[in-house]
Structure formats: C-alpha cells, structure tokens
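As structure tokens, the structure follows; a few thoughts come after it.
The values are calculated or read from the model by the stated rules, or taken from the named source; none is laboratory data. Note that this is a predicted model, so its numbers are computed, not measured. Reconstructed Cβ throughout: ideal geometry from the backbone, glycine too, with neighbour counts over all protein chains shown. Ligands, DNA and RNA are excluded from the accessible area calculation, which covers all protein heavy atoms including side chains. Shrake-Rupley method; radii C 1.70, N 1.55, O 1.52, S 1.80 Å.
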Amino acid sequence: MTSHDQAEGVIVAEVPEPVGSGVALLFAQGSRPSAEEIDGLLAGLPAGRMLSVSHRAEADLGDLELLCRGLSFDLQGLAPARSAAVPVVMQRLELDDDEPQLEAVTLMAGRHLEGGAHLLPVLRTHLDVALALTGLSGLKAVIWARSGVMMSPEHFARIVGGWLEGGPFPVPGLVALLRDAEGGLLSSYGLSFFTPRQVRVEGSCEAQAEVAAALIGRLVDGDGHVPAWITDNDGGVWNVSWVAEQGLVTARRSA
C-alpha cells in the first residue's frame, strides 16, 4: 500500500492546533533568497511550467506574488525582509537531528483563493509551484504547515512530485501520523484540510502506518467511501468503522 520511506518518521507528540498554512521553505540564518534570486530561478524554468512573477512589493517587505496557470500564490519572507514564521513541527522525515537555526520563506495560496485552497486543482498547482522553488540554492528543509511535517527537499520532491504524477497520496507528508504516549494508537494530523475526517489505527505493529496511509489515500484520492475492512501488504485484515458525527475513521486488526 505504501513504500517503506512513507512509513518512517512516526513520532509521539501532543497535538497543538496547526500554525500557518501552505509551504514553508527553510534556510540557514542569513541565507534566505531575495526577489532577484527568485527571478533567476524562474528564468531558468521550462516555458511549459507557466510560472511568473505577477506582483512585486518593495524589497524591504519581502513579498512576491507568483502566477501559475491563472492562479496566484504569495511568497513571503524573502531577504532582506524579516523571516516568515516557522510552522510548528510535528514530524520529521529524512533530516539530520542537528539542524541549525532555520529561517522561513512561505508560499501560500493568494487571498482570492483562501476559501478554495483545499480544492485539488488549486492544491496541485500550489504544490507544483513549491516543487519549482525546491531548486533554490541553500534550501535545507520543507514544511507542509497543515500537517507540521518537516522533510528534506529531496523527500518533498519525491513524494509530492510522485503524487502529482499519479502516485500515492504522500503520508506522512501532507498528513502527519502521530502516535499516542502509550504507543498503541496511530492518528492522522492535518487530514481535515482535505476531507472532514480523521483516521486512527489501533494496535501497535509495523503495518499501522501502512494501513493509515492506505485509508487516507482512499479518502483523499478515492471516492471518499469508508470500507468495512482493508488488508495490509502481508495479508492481515483490518476492520474499519466510521463514526459519522465525529468524522472519525478507525481501523482495528481482526483477531
């Protein structure tokens, strides 16, 4: 159902409310790009990428508006202005433990898209713009703010690029998987941005993350139908229940 890479990085955490939205691009202190560096990156992209600057604020404000396929996105925190706020980190993927102090440049849906940022055509374009920006020099990490998943630029490009090309929905990635303090319950975090549901998988075992990712992928990319049961890659059967009032989908391994 999922690759080994996608099942890594499950953490234990208390769950705060998400801080911020969109994509945060993280750089070492003093290394954030300027508007001129964004210009240079965009100039080197293939014409088919259809990505350009549509509005340019004063340099000391650190803002650019980017236009892609008729949709606008706000890039904030560019040098020499102040860094954008770094989102809360809930999960880390393919990163060193000793990351230095980092500063953020954020890419968010434009104001006219705020009510529709979760719609798949807008989201896919948003992420495609973010993928183009992973070519910036000095980029250390990427955070999808709604899930709090912080990952290496290479991991972000692989899992998000794969999804945009028809692959599996990236979990963990655009959704985090958090384990409770006792270690027996694995829960989604950030899924409500895509669908009014959350997923939890009971029973501590290696297949938990695999089953959670499969259910989340079905809810986001499929028809939204909650199955009565699901199987893992080893043939194990998991019973699935849904409490509609709570929007909660729960999987338990069959005895």
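General observations
- Restricting attention to region 30-63, the residues being in a loop (DSSP other than H, G, I, E, B) and of a type in the set (D, E, K, R) number 2.
- Among the numbered conditions (1) in contact (Cβ under 8 Å) with a residue 12 or more places away in the chain; (2) closer than 20 Å to ARG92 by Cβ; (3) not basic (Lys, Arg), the only one that GLY162 does not meet is (1).
- Leading residue by the ranking (most open to solvent (accessible area, probe 1.4 Å)) among those in region 67-76 that are touching a helix residue (DSSP H, G or I) at 6+ places or on another chain (Cβ under 6 Å) and not in a loop (DSSP other than H, G, I, E, B): LEU71
- Residues in region 46-64 that are within 16 Å of HIS112 (Cα to Cα) and either open to solvent by 60 Å² or more (accessible area, probe 1.4 Å) or out of contact with any Lys or Arg (no Cβ under 8 Å at 6 or more places or on another chain) (or both): SER54, HIS55.
- Residue within region 126-134 that is closer than 30 Å to ALA47 by Cβ, open to solvent by 10 Å² or more (accessible area, probe 1.4 Å) and assigned to a loop (DSSP other than H, G, I, E, B) present: yes
- The criterion of at least 2 residues that are open to solvent by 40 Å² or more (accessible area, probe 1.4 Å) is met by the following strands (runs of 3 or more DSSP E) wholly inside region 140-232: 198-202, 229-231.
- Per-region count, region 90-125, residues in contact with a helix residue (DSSP H, G or I) (Cβ under 9 Å, 6 or more places away or on another chain), in a strand (DSSP E or B) and surrounded by fewer than 21 Cβ atoms within 10 Å (Cβ to Cβ): 1
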